[in-house]
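Below is one structure, written out as structure tokens; the observations come after it.
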Amino acid sequence: MLSAMLLCDMVCGRENDFAAAFSPSRSIVRPQLFVNGAEAAKNLLTFGKKRCPHLGCALNWNPHEHSWDCACHGSRFGENGEVLDNPANGDLKMK
Ligand code: FES
């Protein structure tokens, strides 16, 4: 229904308050890429933390899941370093 209303307004040259929200040229990808890039840079430059064996981002202890979580690409490791979720394909080296 909304598509029909938008198309009708476009053909008739009328403005529609929802046109920008449903425009095919809208993009949420670029802002999300910026956020992900900033988070990855921050985690790569954080010293003194456990490192993810995937690409080396800092790991954060998750007290609710009792796991080490990587904010860069989502790998997770158990309390003893065993890999729980990819993309890391090796266990965490516990020192
Ligand atoms: S650096 Fe940790 S999952 Fe990629």
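Residues checked against (1) basic (Lys, Arg); (2) within 16 Å of the ligand (Cβ to nearest atom); (3) part of a loop (DSSP other than H, G, I, E, B):
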| site | (1), (2), (3) |
| --- | --- |
| 69 | no, yes, no |
| 79 | no, no, yes |
| 88 | no, yes, yes |
| 95 | yes, no, yes |
Subset tally (residues that are in contact with a helix residue (DSSP H, G or I) (Cβ under 9 Å, 6 or more places away or on another chain) and hydrophobic (A, V, I, L, M, F, W, C)) for the range 34-74: 8
Output for the range 79-93, where each listed residue is surrounded by 14 or more Cβ atoms within 10 Å (Cβ to Cβ), at negative phi and small (Gly, Ala, Ser): 88
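Residues are listed down the side, and each one gets a yes or a no for (1) out of contact with any Cys (no Cβ under 9 Å at 6 or more places or on another chain); (2) in a helix (DSSP H, G or I); (3) within 16 Å of the ligand (Cβ to nearest atom); (4) of a type in the set (A, V, I, L, M, F, W, C):
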| position | (1), (2), (3), (4) |
| --- | --- |
| 19 | yes, no, no, yes |
| 27 | yes, no, no, no |
| 41 | yes, yes, yes, yes |
| 48 | yes, no, no, no |
| 65 | yes, no, yes, no |
Residue tally, condition aliphatic (A, V, I, L, M), surrounded by fewer than 11 Cβ atoms within 10 Å (Cβ to Cβ) and either under 30 Å from residue 60 (Cα atoms) or under 18 Å from the mean Cα position of the chain (by Cα) (or both), over the range 1-49: 5
The one condition in (1) farther than 25 Å from residue 32 by Cα; (2) touching a residue at least 40 places away in the same chain (Cβ under 8 Å) that residue 80 fails to fulfil: (2)
The range 51-63: number of residues that are more than 8 Å from the ligand (Cβ to nearest atom) and either more than 17 Å from residue 85 (Cβ to Cβ) or modelled with pLDDT under 90 (or both): 2
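The values are calculated or read from the model by the stated rules, or taken from the named source; none is laboratory data. These numbers were taken from a predicted model, which means no experiment stands behind them. Positions of Cβ are backbone-derived with ideal geometry, glycine not excepted, and every protein chain shown enters the neighbour counts.
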